[in-house]
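Peer 1: Pasting a structure below so you can have a look.
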Amino acid sequence: MDTVADIFDSAFFEERTRILPVRPDTRIRAEEIENDRLMASAAAGDDEAFRRLVERHQERVYRFCHQWLRQSEDAREACQDTFVRVYQSMNRYRPQGQFTSWLLRIALNQCRDRFRSRASQEQRRTEVLPSDESRQPECHRASPAEAASLSADVAKIREGIDQLPAGLREVLIICAVEGYRHDQCAEILGCSERAVEGRLYRARKALEAWWAAEKR
């Protein structure tokens, strides 16, 4: 099997872990315009608009939290608390077409708090989030042997990601697992694109070193 660095460079990892297809930029812009409209309506007292915001994003936020916490109950709580924070911050939100990044930044902070919690760390179990096959495009169906190999590969890669320092783990989850661009990742993390690129490079190197040590 290739080294982990090769896996990431060849998009192997993304193909095996991404649940939702990558959306075109034009669609993303349209979604963000609608997000801003709903936020403005919700801030003006429209409870239905806030409900629609939650429905639009709850799956995305839950999956993001699950990638971080690897425990369903913690992920649900982090997801719920994220939307509580959004509700509490509606009047302070400034519509700039970056609602999703703002939302995931809140979710990330919720995950960080739980991950640092001693009780959460003691109870945390590694769980593989089941994919929704109905959301996947039609493609070649893997044989049982191929499926078992892919499952083992993904589990091993995720185990390696869990061993990384938080700052490196974050960029891999956001860029490689969730499929966000470097500029979007920078918005979520509140740093520069150059910083994202540097962390991503170090994360890949650290993961490659971990992988090599595991195979000895």
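Peer 1: With Cβ to Cβ distances under 15 Å as the rule, what net charge do the other residues near Leu189 carry (K, R +1; D, E -1)?
Peer 2: Charge balance in the 15 Å sphere: +1.
Peer 1: Which value results for Rg/Rh of the range 160-209 when Rg is the Cα radius of gyration and Rh the Kirkwood radius based on the inverse mean 1/r?
Peer 2: My calculation puts Rg/Rh at 0.93.
Peer 1: On a full-extension model of 0.36 nm per residue, what is the gain between Ala30 and Glu197, subtracting their alpha-carbon distance, rounded to one decimal in nm?
Peer 2: The span from Ala30 to Glu197 would gain 57.4 nm if fully extended.
Peer 1: Taking the Cβ of each residue in Lys205, Lys156, Lys215 as the centre, tally the other Cβ atoms inside 10 Å and list the residues starting with the fewest.
Peer 2: Fewest to most other Cβ atoms nearby, the residues stand as Lys215, Lys205, Lys156.
Just so you know, all these numbers are worked out from the coordinates, no wet-lab data involved. As the structure is a prediction and not an experimental result, all values here were calculated from the model. Positions of Cβ are backbone-derived with ideal geometry, glycine not excepted, and every protein chain shown enters the neighbour counts.
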